[in-house]
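This report concerns only the one structure given below.
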Amino acid sequence: SPLRDRFATKGLLYGAAVSHRSLSSDLPFANRVAAECAILVPESELKWKALRPTPDRFSFAASDWLVNFARSQGLLMRGHTLVWHEALPKWFATKVDSRNAEQLLQQHIATVVGRYAGKIHSWDVVNEAVHPDDGRTDGLRQWPWLQFLGPDYIETAFRAAHEADPQAMLAYNDHHLEYDTKDQEARRTAVLKLLERLKSRGTPIHALGIQAHLRGDADRFNAKKLKTFMRDVASLGLKIMITEMDVTDQKLPKNIDTRDRIVAGSYEDYLNVALEEPAVIAVLTWGLSDRYTWLESQKPRKDRAPVRPLPLDAKLKRKLAWNAIARAADSA
Ligand code: G3I
């Protein structure tokens, strides 16, 4: 049976990131998505760059199409993302200043979240706002919203989203939270501090999204650290979603069986830990099939062999990674 059913048996959601381009042009792929997934998330269509071609115009064609696709197939939909330092339109750098920042942020969130109110399971309200390398004591990333609005821009964003859609689950989403490195330890600490602060101020935040972009060649995955971190998050009264899981085989040997085995092992090790935590409610992979993955263009292999980071191969066949995810769900 498909992943959605195996997860549903345990009261969990399985889903994947999709794009308007792939779903609307590739029927066999769209059919596999509808069969395996219970929840979808647009890979780029809800980012500022996609929605805001000019400062005073919104462009909703692609995101509307995706929201309608999900509804027509009876699938849930996530929103990603309202506040992120990447995927901003070019005009952002010159048109945003301390005088209009608050209004611009409020208006963006009211318009986008309001448009889909009642149709979105959960929003990644703020994405990757923690960046300990920037040297602030609170670990927050130095970037325009922080510069213009101070650290409270995060709380402002959550309040605006809650007002526009009181039913949606609101999440803070971040990456690099599972490995046993100094950098990721600092990130876990800063994320926890941020979540604690938001909760203590009564901010409407309901979940942490853990992206889980993993490296098949990394031996730094630390089950104990991840487990403790998830417990700490859960003890704040927050749910947890694994929001963008994939395992890059960029640096693994060329042999496909070897690569697939290592990738599958990473999925299984990780999910065995994650699905033990009762606060975890959903697992989404960042794509479903190797036919469409950001890693192909952004982290290609030196030998030019196509990358294989996802549950289905480029021919839409289930891989060892699919089996590993299924097994982890079965034993959850
Ligand atoms: O929209 C243009 C299109 O008009 C043009 O024809 C095409 C040509 O390359 O580019 C299109 O934009 C691309 C966009 O994806 C939509 O496909 C951008 O170049 C490309 O940079 C962009 O990459 C996305 C990236 O976020 C930045 O938005 C990736 O697909 C997407 O997988 C990635 O996702 C992020 C999550 O949002 C946050 N966590 C990390 C994750 C991976 O980086």
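Miscellaneous remarks
- Unmet criterion (only one of (1) part of a helix (DSSP H, G or I); (2) hydrophobic (A, V, I, L, M, F, W, C); (3) within 16 Å of the ligand (Cβ to nearest atom)) for Met77: (1)
- Of residues in the stretch 1-59 being over 19 Å from the mean Cα position of the chain (by Cα), assigned to a loop (DSSP other than H, G, I, E, B) and of a type in the set (Gly, Ala, Ser), the one nearest to the ligand (Cβ to nearest atom): Ser59
- The stretch 277-302 - residue that is within 22 Å of Ser122 (Cα to Cα), more than 14 Å from the ligand (Cβ to nearest atom) and not in a strand (DSSP E or B) and, of those, nearest to the chain's Cα centre (by Cα): Ala279
- Within the stretch 112-126, the set of residues being basic (Lys, Arg) and surrounded by fewer than 17 Cβ atoms within 10 Å (Cβ to Cβ) comprises just one member, Lys119.
- Only one of the listed residues (Ala274, Ala279, Ala326) is farther than 20 Å from Gly209 by Cβ, touching a residue at least 24 places away in the same chain (Cβ under 8 Å) and aliphatic (A, V, I, L, M). That residue is Ala326.
- Test: residue in the stretch 138-160 that is of a type in the set (A, V, I, L, M) and part of a loop (DSSP other than H, G, I, E, B): no
- Among (1) touching an Asp or Glu at 6+ places or on another chain (Cβ under 9 Å); (2) outside any helix (DSSP H, G or I); (3) more than 25 Å from Leu13 (Cβ to Cβ), the one test that Pro89 misses: (1)
- For the criterion of being within 11 Å of the ligand (Cβ to nearest atom), touching a residue at least 12 places away in the same chain (Cβ under 8 Å) and more than 16 Å from Trp294 (Cβ to Cβ), His85 passes.
- Selection within the stretch 1-39 - of a type in the set (A, V, I, L, M) and in contact (Cβ under 8 Å) with a residue 60 or more places away in the chain: Leu3, Leu12, Leu13, Ala16, Ala17, Val18, Val33, Ile39
Taken together, the values in this text are just the output of simple stated rules run on the coordinates, not laboratory data. Everything quoted here is computed from the prediction, not taken from an experiment. Cβ coordinates were reconstructed from backbone atoms using ideal geometry, including for glycine residues, and neighbour counts include every protein chain displayed.
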